[in-house]
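Inspection log for the structure reproduced underneath, given as structure tokens.
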Amino acid sequence: MSTFLRVDSTREWQKGYYEGLTVDSKGVSLSKGRGFYIGAIIDTEEHEHMWSRIQIKRRHRVETKLIFYTVAVEHLMIQDGRELLDLNEIIQGRLIQPSDLIEKLKILNPKRHENLNDILLNDHKGRYLIYWFELISEGESDYIEGLEIYYAPYSWIHYLPQIYAENKDFLERYLAIFQTVFDDIEGIVDNMPEVYIPKKTKASFLEVLNKWLPIDSFQFFTEVQKRNLLINYHELNQRRGTKQGLVQLITLFTERKPFIVEFKDYKYLSTQKQIYERLYMNHPFGFTLLIPSELITNKARFNALNQIIRNYIPAQVTYKIAPINDYMILDDYAYLGINSYIYQQSDIKLDDTAMLSMGIIGRE
């Protein structure tokens, strides 16, 4: 396989020059409208270098128009009226807006490729490769996840007897069709181990990985949570049915560590035991999950959490979910002992068994 340059990380994407686009760990995307990206110029330091191909990896979300431009040149100076422009200096210094620079680059007569994921560069000859693309979408666009730019071409014609190389133009282009297909299959085989790595595999393959394990309630988790769930599967499975495992699972779902009160935590108390049993539950195999109310804002979210817990705990265990607020407000005209009572005017006690995250009585 020929040597290639890969652009598929945030750091690599940020070497380019873009306008109206978002660059993150997933790639390049567009929120709405039109965006422009000009890649960092590739220098082979070789006169009249013959380029091979560009592969574009996209994650399709909605109907998105991708217009890709490529051109190979021997020098980086272009004429703009009476002025000479150094393209390398302009791109590195961000001296001209990408949309304006693209208009100036049209003087180089670039090749236009629309909605292609595999671009052949057999007719591109020059030391430098300049490429840019436009994304057009009425909503959130596809992700351009990565580029693979092959700049050291090789041809199957070199494996044939010398007689076939004498008039090779047509035969080389003809063989390139089958060579491209073969190279793609070879690339898939080479990268096969990455398919089974939860962090790197495609979102569509996550469901397949789950069927092999499987993980209960998998459908309630987001894509990022599913990847973390698969990564932590063995640890969660070893802790299945334990408090530590349940805390870890709920933390993955809510992205907040919950607070769990078990019956054994207060069953040996000699005083105020009835209060605890009324507040939580009186069951030898029971627990209460205290969770911030903003994490379960609707019925669907509550039902999902309920199903996740039910599928993870032993059958004989009972539980209840208690949504709690981060703070308590007793209004501006709340007077303890006059118009507000706590346990019939008893004192407020904050000891080792009491927890109050934030309390406000009136205002400062």
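Check ILE102, ILE96, ILE91 and return the single one that is outside the structural domain of ILE177 (by TED's automatic domain parsing) and over 18 Å from TRP13 (Cβ atoms). Steps first, please.
Working: ILE102 fails: over 18 Å from TRP13 (Cβ atoms); ILE91 fails: over 18 Å from TRP13 (Cβ atoms).
Of ILE102, ILE96, ILE91, the one residue that is outside the structural domain of ILE177 (by TED's automatic domain parsing) and over 18 Å from TRP13 (Cβ atoms) is ILE96.
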Q.
I'd like to know if the stretch 50-70 contains one or more residues that are assigned to a helix (DSSP H, G or I) and either of a type in the set (Ser, Thr, Tyr) or over 19 Å from TRP132 (Cβ atoms) (or both).
A. no
Q.
Which numbered condition in (1) crowded, with 16+ Cβ neighbours inside 10 Å; (2) under 30 Å from TRP212 (Cβ atoms); (3) not assigned by TED's automatic domain parsing to the domain that holds LEU209 is the only one that ASN303 fails?
A. (1)
Q. Has the stretch 311-330 got any residue that is touching a strand residue (DSSP E or B) at 6+ places or on another chain (Cβ under 7 Å), farther than 30 Å from LEU249 by Cα and modelled with pLDDT under 85?
A. yes
**Q.** Matching residues in the stretch 286-300 - criterion: being within 18 Å of LEU252 (Cβ to Cβ), surrounded by 14 or more Cβ atoms within 10 Å (Cβ to Cβ) and not hydrophobic (A, V, I, L, M, F, W, C)
**A.** PRO292
Q.
With the requirement that a residue be among the β-branched types (Val, Ile, Thr) and either at positive phi or modelled with pLDDT under 90 (or both), what does the stretch 11-52 give you?
A. THR44
Q. Which number in (1) assigned to a loop (DSSP other than H, G, I, E, B); (2) surrounded by 13 or more Cβ atoms within 10 Å (Cβ to Cβ) marks the one condition that TYR18 misses?
A. (1)
**Q.** Residue satisfying all of: in the stretch 125-147; modelled with pLDDT under 90 and part of a loop (DSSP other than H, G, I, E, B); farthest from LYS200 (Cα to Cα) among these
**A.** GLU138
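Could you please give the count of residues in the stretch 93-107 that are surrounded by 14 or more Cβ atoms within 10 Å (Cβ to Cβ) and not charged (D, E, K, R)? Give the derivation first.
Here is the first cut: in the stretch 93-107, the residues surrounded by 14 or more Cβ atoms within 10 Å (Cβ to Cβ) are 96, 98-99, 101-102, 104-105.
Remaining after also requiring not charged (D, E, K, R): 96, 98-99, 101-102, 105.
The total comes to 6.
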Q) Could you say which residue among ARG256, ARG278 is outside any helix (DSSP H, G or I) and either under 25 Å from GLY27 (Cα atoms) or in the same structural domain as THR318 (by TED's automatic domain parsing) (or both)? A) ARG256
(Q) If I filter the stretch 254-275 for residues that are modelled with pLDDT under 90, among the β-branched types (Val, Ile, Thr) and loosely packed, with under 14 Cβ neighbours inside 10 Å, do I get at least one hit? (A) yes
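Taking helices (runs of 4 or more DSSP H) that fall entirely within the stretch 166-226, which contain at least 3 residues that are over 21 Å from LYS57 (Cα atoms)? Walk me through it before giving the result.
Working: elements: 168-190, 192-195, 203-212.
In the stretch 166-226, 168-190, 203-212 are the helices (runs of 4 or more DSSP H) which contain 3 or more residues that are over 21 Å from LYS57 (Cα atoms).
Of all residues in the stretch 77-91 being in contact (Cβ under 8 Å) with a residue 24 or more places away in the chain and part of a helix (DSSP H, G or I), which is surrounded by the fewest Cβ atoms within 10 Å (Cβ to Cβ)?
Within the stretch 77-91, the first condition is being in contact (Cβ under 8 Å) with a residue 24 or more places away in the chain, and the residues that meet it are 78-80, 87-88, 91.
Next, from what is left, pick out any that are part of a helix (DSSP H, G or I): 87-88, 91.
Numbers: LEU87: 21, ASN88: 14, ILE91: 22.
Step by step, filter the stretch 77-91, then rank; the result is ASN88.
The values are calculated or read from the model by the stated rules, or taken from the named source; none is laboratory data. None of the values given here were measured: they were computed from a predicted structure. Virtual Cβ from ideal backbone geometry, glycine too; neighbours counted across all protein chains shown.
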